[in-house]
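Okay, so here's the structure we're looking at.
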């Protein structure tokens, strides 16, 4: 017949084992949450990189078509209008300054 001291010792051990298992489960749960968060961040970064890659590929194909085209006048006109605010014959360029608002 076990003594009362032995029963208390077994209860303490089983309590420690349960507590240890609970701590281990918590640590694993936190690690899973962190990994999931990092995976989601990596997925967003990969999508951004893919989007940027697609944009660069589009720019590359536009530049390749420009290089293959013999008439560059349209391109020069586009650059002059977009970057330097040039106007064509009979046109006026109006600029809107939004910094005063």
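No value in this document is a laboratory result; all are computed from the given coordinates. These numbers were taken from a predicted model, which means no experiment stands behind them. FYI the Cβ positions are ideal-geometry reconstructions off the backbone, even for glycines, and counts take in every protein chain you see.
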ask   = Only one residue in 83, 50, 41 is loosely packed, with under 10 Cβ neighbours inside 10 Å, in a helix (DSSP H, G or I) and free of Cβ contacts under 8 Å to residues at least 24 places away in the same chain. Which one?
value = 83
query = In segment 3-26, is there at least one residue being exposed (fewer than 10 other Cβ atoms within 10 Å of the Cβ) and not in a helix (DSSP H, G or I)?
reply = yes
request  = Kindly check whether there is at least one residue in segment 55-68 that is in contact with a helix residue (DSSP H, G or I) (Cβ under 7 Å, 6 or more places away or on another chain), outside any helix (DSSP H, G or I) and either surrounded by fewer than 10 Cβ atoms within 10 Å (Cβ to Cβ) or free of Cβ contacts under 8 Å to residues at least 40 places away in the same chain (or both).
outcome  = no
